[in-house]
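Participant: Pasting a structure here, questions to come.
Read the figures in this text as sums done on the coordinates, not as results from a lab. Computed from a prediction, not measured in an experiment: that's the story for all the values here. A quick note on method: Cβ atoms are made from the backbone with ideal geometry, for glycine too, and the neighbour counts reach across all protein chains shown.
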Amino acid sequence: MSDGRLSRSTPNLAIRQVGEAEADQVTELFTLAFRDDPTWSWAFPNAEKRLEQYREWWGLYIHSALPYGCVWMTEDGGAASLWIPPNEPELSDEDEARVEPLLRELIGSHADQVLGLLDRFDNNHPRHAPHYYLSLLGTHPDHRGQGKGMALLAANLVEMDKQRVPAYLESSNRANDHRYERLGFVGIGEFAAPAGGPTVACMWRDPR
C-alpha cells in the first residue's frame, strides 16, 4: 500500500523511528498523503468523508505495526514509512477482527468490494521467501516535490541490504512504478480492484 505521489531521491535525509507518542502525527501524514491515491480513493469514494475515514483506517494499521519498531519518519515530519518485518502479520489478530466491521461502518455496502480488494492484496502477496513488506509509504502534501519519500525508502533499503533481506511493496498508484524501479524493485505481477477498479502493481527487490 504505497503513497499516491512520490518524488526523486534526496541524499542524507535524517530519519527516526516512530514511537507511540507520534502515532497520531503519522496517521495524519498517511491520511493526507493518500487523499487522491487512485486505489484508496476508489475504496473510500466519498471525498467529503474520506479524510476522517482514512484516520480510522490507517490508524488501525499503525496501531498494529508500532510494536515491530519498523515505522520511520523524516526528522521534519515530511515523509513516513511503515514496514512489516519478515514472517510477521500486517495486523494483529485483534485488529484483523476489526477490519470488516470498521469498513461496514465507514463505507456501508461498498465494504463488500473493498473486502474483495483486500483479498486480492493477500492472494498476490509473495510467500516464497522471508521479506520486509512496505505496508505504507507517504509524503505530507506540504513536503512534496522535495524527494523525501523516496529518500526515506532508500534509507530503509540500505538497512535491509545490510541484513541481506528482500523487500516487497504494492504500488497503488501506477505512476510511481518507475520510481520504485530506480531503487531496484522489479514488477512481479499486478491485480485490479473489483468491478473494473484501479490496478495495483506487485514489486519485489532482492538485497544488493
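Participant: Any idea what angle helix 111-123 forms with the longest principal axis of the chain, computed on alpha-carbon atoms, 0 to 90 degrees, nearest 10?
Facilitator: Here the helix axis deviates by roughly 30 degrees.
Participant: To check you understand DSSP bridge types, tell me what percent of the beta bridges within the chain (both residues inside) are antiparallel, rounded to 5.
Facilitator: 90
Participant: Would you kindly state how much longer the chain becomes between ARG208 and GLN163 on full extension, computed as 0.36 nm times their sequence separation minus their alpha carbon distance, in nm to one decimal?
Facilitator: The span from ARG208 to GLN163 would gain 15.2 nm if fully extended.
Participant: Which option, (1) 0.93; (2) 1.05; (3) 1.02, is the value of Rg/Rh (Cα atoms, Kirkwood Rh) that was calculated from these coordinates?
Facilitator: The listed entry that was calculated here is (1).
Participant: Okay, next question. For the residue pair THR199 and ALA97, what label-to-label distance in nm results when each label sits 7 Å from Cα along the Cα-to-beta-carbon direction?
Facilitator: My value for the distance between the label points is 3.9 nm.
Participant: Report the relative contact order of segment 15-205, percent, no decimals, based on alpha-carbon pairs under 8 angstrom and at least 6 residues apart.
Facilitator: Reported as a whole number, the value is 24 percent.
Participant: Read phi for every residue in segment 128-141 and hand back ³J(HN,Hα) as whole Hz from Karplus 6.51 cos²θ - 1.76 cosθ + 1.60, θ = phi - 60°, with x for Gly and Pro.
Facilitator: Working through the residues one at a time gives 7, 7, x, 7, 7, 10, 7, 6, 9, 9, x, 10, 4, x Hz.
Participant: Cα gyration tensor of segment 142-208, axes a ≥ b ≥ c as square roots of the eigenvalues: rounded (a/c below 1.5), prolate (a/b > b/c) or oblate?
Facilitator: Oblate, since a/c reaches 1.5 and b/c is not below a/b.
Participant: Run the numbers for GLU88 and ALA21: contour at 0.36 nm per residue of separation, minus the present Cα-Cα distance, in nm.
Facilitator: The GLU88-ALA21 span can extend by a further 21.8 nm.
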